[in-house]
Amino acid sequence: MRLVLVGPPGAGKGTQAQYIASNLSIPKISTGDIFRANVSGGTDLGKLAKTYMDRGDLVPDEVTIAMVRDRLSEPDAQDGFLLDGFPRNVAQAEILRDMLKDWGQALDLVLELVVDDDEVVRRLAGRRTCSQCGRIWHVDFDDKKDDRCDACGGVLFQRDDDKEETVRHRLEVYQEQTAPLVSYYAEEGILVGVDATGPVEEVTGRAMEAISPYMG
Ligand code: ADP
Ligand code: ADP
């Protein structure tokens, strides 16, 4: 199964990606996570990406595509993958399609996580990430009173780009650059919308239902 998750920042892509990928036994490939790992590791890629991420802008396509190409070439991605946060504009989608075609592959399905703006802002404002295992939490919805990860005990942090001003800009970038992917993939006939409101497990259930007709 070759799957892409699209949706605005805060829609729950990362949260759902961990469950869907584990249910389907495919690797979860999150470009945001890979960039953040490079930023904390102080690599050249991280230094470059950071200037864009801090502003809430997209990292240039060239850099992002090269990184995804490398990751998709790894052995564990040959029989399927779940992309979270890529592609993020039509140019990336076209290059992904050509890249997969060269390898005799194609996307099976694109899931659009649908939530309204108010909910997105609520979700981003309370998002916390574990510095150790990368798990995503929410201060209110998960009732996090301490700053420790319930899964591994690691310290939770708030992402720099989840500050209110940057969030506003990221939502604009989504509308301008990423939202056109919805009609792009609808035209390709592989888009399915999933209601991403309500409890996490319910959203996962809806996503798995949407995926099941495309399996095996
Ligand atoms: P969110 O989960 O809130 O949608 P991500 O973790 O996916 O955010 O991405 C964080 C930042 O990383 C983005 O704002 C952008 O700067 C960069 N980024 C992630 N994926 C891409 C991509 N496909 N193209 C360009 N930049 C990206
Ligand atoms: P994205 O990757 O799309 O930016 P995340 O998966 O990081 O989104 O989720 C953003 C925030 O919303 C996190 O704090 C997460 O815990 C919370 N969240 C995700 N799904 C739900 C849900 N169904 N209900 C309530 N909060 C959620």
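The values are calculated or read from the model by the stated rules, or taken from the named source; none is laboratory data. Computed from a prediction, not measured in an experiment: that's the story for all the values here. Note: ideal-geometry Cβ built from the backbone for every residue, glycine included; neighbour counts use all protein chains shown.
Looking only at residues of segment 189-216 that are in a helix (DSSP H, G or I) and polar (S, T, N, Q), we find that the one that is surrounded by the most Cβ atoms within 10 Å (Cβ to Cβ) is T204.
Can you name every residue in segment 27-53 that is within 16 Å of ligand 2 (Cβ to nearest atom) and of a type outside the set (G, A, S)?
K28, I29, T31, D33, I34, F35, R36, M53 - these are the residues of segment 27-53 that are within 16 Å of ligand 2 (Cβ to nearest atom) and of a type outside the set (G, A, S).
Please verify whether segment 167-181 includes one or more residues that are within 14 Å of ligand 1 (Cβ to nearest atom), touching a strand residue (DSSP E or B) at 6+ places or on another chain (Cβ under 6 Å) and closer than 18 Å to A17 by Cβ. Yes, because at least one residue in segment 167-181 is within 14 Å of ligand 1 (Cβ to nearest atom), touching a strand residue (DSSP E or B) at 6+ places or on another chain (Cβ under 6 Å) and closer than 18 Å to A17 by Cβ. For segment 17-27, the criterion of being near ligand 1 (Cβ under 7 Å from one of its atoms), in a helix (DSSP H, G or I) and either modelled with pLDDT of 95 or more or surrounded by 17 or more Cβ atoms within 10 Å (Cβ to Cβ) (or both) is satisfied by no residue at all. When E62 is tested against (1) part of a helix (DSSP H, G or I); (2) touching a strand residue (DSSP E or B) at 6+ places or on another chain (Cβ under 8 Å); (3) surrounded by fewer than 19 Cβ atoms within 10 Å (Cβ to Cβ), just one condition goes unmet, and that condition is (2). Checking G205, G193, G126, G198 one by one, the residue that is of a type in the set (G, A, S), farther than 30 Å from D61 by Cβ and in contact with a strand residue (DSSP E or B) (Cβ under 8 Å, 6 or more places away or on another chain) is G126 and no other. Which condition from (1) away from ligand 1 (no atom under 13 Å from the Cβ); (2) free of Cβ contacts under 8 Å to residues at least 40 places away in the same chain is the one that G80 breaks? Of (1) away from ligand 1 (no atom under 13 Å from the Cβ); (2) free of Cβ contacts under 8 Å to residues at least 40 places away in the same chain, only one is false for G80: (2).
Pairs linking a residue in segment 156-170 that is β-branched (V, I, T) to a residue that is part of a loop (DSSP other than H, G, I, E, B), with Cβ atoms under 6 Å and 6 or more positions apart or on different chains, are T166/G56. Residues of segment 91-116 that are assigned to a helix (DSSP H, G or I), within 28 Å of L171 (Cβ to Cβ) and either of a type outside the set (D, E, K, R) or touching a strand residue (DSSP E or B) at 6+ places or on another chain (Cβ under 7 Å) (or both): A91, Q92, A93, I95, L96.
Please verify whether G153 is assigned to a loop (DSSP other than H, G, I, E, B) and under 16 Å from the mean Cα position of the chain (by Cα), treating the condition exactly as stated.
no
So which residues in segment 131-150 are part of a loop (DSSP other than H, G, I, E, B), over 18 Å from M53 (Cα atoms) and touching a residue at least 60 places away in the same chain (Cβ under 8 Å), if there are any at all? Within segment 131-150, R135 is the sole residue that qualifies. Contact annotation: no residue pair with Cβ atoms under 6 Å, 6 or more positions apart or on different chains, pairs a residue in segment 107-118 that is at pLDDT below 95 with a partner that is in a strand (DSSP E or B) and surrounded by 15 or more Cβ atoms within 10 Å (Cβ to Cβ).
Residues in segment 168-177 that are among the polar types (S, T, N, Q) and either in a strand (DSSP E or B) or closer than 26 Å to D140 by Cβ (or both): Q175 only. One residue alone among D102, D147, D160 is under 19 Å from the mean Cα position of the chain (by Cα), over 21 Å from T204 (Cα atoms) and of a type in the set (D, E, K, R), and that residue is D160.
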